[in-house]
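Contents: one structure, followed by commentary.
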Amino acid sequence: MATLLSKAEKSYIVSSLTSTVVALRHDGRDVHDYRTIHIVTGNGNGNGGGEVAPLANGSAKVSVGGTTVVAAVRLEVEDVSGFQYQYRRAGGGGGGGGGDEGRIRCNVTCSPAAYPHLSSNQQDEIQNDLTSFVHSIYSSNSSSSSSSSSSSSNSKSATTTTANASSRRSFSFFEEVESDLVILPGRKAWTLYLDAVVLSDAGNLYDVLFLACRGALWDTRVPRTRAVEYQQQQQRQPNRGGGRGQSGMGGGDEEEDMWKEAIRTRVQSRVADFELEDTSEAGSRLSGREKCPVAVTLNILPTRHVLDATYAEEQAVPLKLVLLYSFTNRDDGGGDEDGEGARFLGMRLIGPGQVPLGYLKELLRQGQGYAKQLVLAMDAQLVAQEEDSRD
Amino acid sequence: MLSSVNLPGGIQRRKLESDELQMRLFFEEGDLLVAEVQAFFADGAMSLHTRSLRYGKLRNGQLVTVPPILIRRLKSHFCALECGVDAILGINGYIWVCKHVQESHQAGEEGFNAESVYSNKNDHIDTSTRLAIVRVSNILKIIWVMENGLEAKNILRRNIAETLVEAITGDTIRNYK
């Protein structure tokens, strides 16, 4: 894969894409066609068909063209009694919650083989950039949604804008799955660690990255737990000490005890614990998993836009718009109704150049359509894989 | 390091200091060239030789990469295919698929455009030629995939040019839509 293109190559690509007769790409695709998307999810399928990370709670590997990303989910028990998440629940509107910061943690790393032509500093920068982007999308909260800009050493500039409606709660994927992650309310809960590794990049990394994260979360099984409480027995002191015990012990003392019982000033200590009901292979799925965000990248030319650009096309058309959506209704039929089911989560405009506002609105509208198609196709594939493995 | 230069007028002369310093007028980072490798140095550097004006900067096409083992050593690696497309087979696995250069326009003939030797601008390429370039590129990738499926001991070194010609002339090129 060439790392730099010559001017002649770039001009050839652009002139092919902007042709008024028919737009041709390197492999003959239409401008709105994706390359074949290969998704493998895996763990504990039993038939061994497709194992990505068997020791993780959920994992997925997505390959599109030469771009490959592996994502895995790991659940760890954490003590949440110190968190303020209960405050958030009581508070209602998505105020800056301190609790869920620690409840979904995302991390993206790039294999050195993915960008062999870049120095390690540049690779670190890419990693940090992707990590903060994925983290801001998955782990809610409105306090971290202010637009952040980061510039890489290639002098590309990226502006991230996360949708933050003041009139209603901003979307938080964590909230969708929060109830599934509780073990002992107020005390113990699962913290979800979502890790993604970019193995190779042949264009369209954002889409593949979010598809992999979605696949891993789709595949995640939360181990079932059962709360167990032990209550300490009431300590009745038979000997109250020598002095008092002898006289007037009978009725008076019992009365005293009764009163003492009625007024419990001492806090009962309950030893609360939980146990795993079953092994991790047979846990339960996350209930909000179809609402997992999905990304669509549009490479922007003055007259049209291109989906799923290859590495060479990204060099020739560097201005791109990454849109993030979440869909709630899986079986809504027509395109008209999914205004209710679709939620716009955020966008990122990367690269040199500018987009007029009217054009941008049009791109947003079309991007939602593409994202919907992507989600429908992916869900159909994942459901089919699930059913296959069940047989 | 430059040893001699073909000037845009068609003249060839020995280098001057100013040529080396102005190398970027001729070649820049990222440019794609076809050249002969004359020698390898111990530190990994190569010396490249553009023997005639058929060599040099590549324009009017796109690059396809295949594993180098598939490319056979031929007398000439410049293949003119029948659909209006040329394929230049580099033995490093880089194949340049481009619009056909007429014989009368090649170096030494009367139609040769000497100004275009270092040019970055593509000619106008019509849709049917672009389509043919796409089809040839896809066929090359398919040949690569087919080779990949063979076991290591059975890897055949096919003559890519011959296979291409068979594939393309044997296949009727339909009108697009």
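The values are calculated or read from the model by the stated rules, or taken from the named source; none is laboratory data. Bear in mind the structure is a predicted one, so any value in this text is a computation, not a measurement. All Cβ positions, glycine included, derive from the backbone under ideal geometry; neighbour counts span all protein chains shown. Calculation scope for accessible area: heavy atoms of the full protein, side chains included, ligands and nucleic acids excluded. Shrake-Rupley method; radii C 1.70, N 1.55, O 1.52, S 1.80 Å.
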> Taking the Cα-to-Cβ direction at B:T127 and at A:A272 and moving 7 Å from each Cα, how far apart do the two end points lie in nm?
Replying inline: 7.0 nm
>> For peptide A:20-28, what's the mean number of Cβ atoms from other chains within 10 Å of each residue's Cβ?
In response: 5
> Taking R0 as 45 Å, what's the FRET efficiency between A:E51 and A:R187 from their Cβ-Cβ distance, rounded to 0.05?
Replying inline: 0.85
> What is the extension gain from B:V145 to B:E103, computed as 0.36 nm multiplied by their sequence separation minus the C-alpha to C-alpha distance, in nm to one decimal?
Replying inline: 11.8 nm
> Per residue of A:13-19, how many C-beta atoms from partner chains lie within 10 Å of its own C-beta, taken as a mean?
Replying inline: 2
> Any idea what diffusion coefficient segment A:343-384 gets from Stokes-Einstein, in µm²/s, Kirkwood Rh on alpha carbon pairs, 10 °C, 1.306 mPa s?
Replying inline: 130 µm²/s
> What percent of all Cα-Cα pairs in segment B:17-101 falls in each 10 Å bin, counting up from 0?
Replying inline: 15, 43, 33, 9, 1
>> Ranking request for peptides B:78-89, B:120-131, A:316-327: highest mean number of other beta-carbon atoms within 10 Å first, then the rest in descending order.
In response: A:316-327, B:78-89, B:120-131
> Once you sort the root eigenvalues of the Cα gyration tensor of segment B:16-57 as a ≥ b ≥ c, which label holds: rounded (a/c under 1.5), prolate (a/b larger than b/c) or oblate (the other case)?
Replying inline: oblate
>> Taking beta carbons within 10 Å but only from partner chains, what does the mean come to for residues B:119-131?
In response: 3
> How would A:H305, A:H26 line up by accessible area, probe 1.4 Å, largest first?
Replying inline: A:H26, A:H305
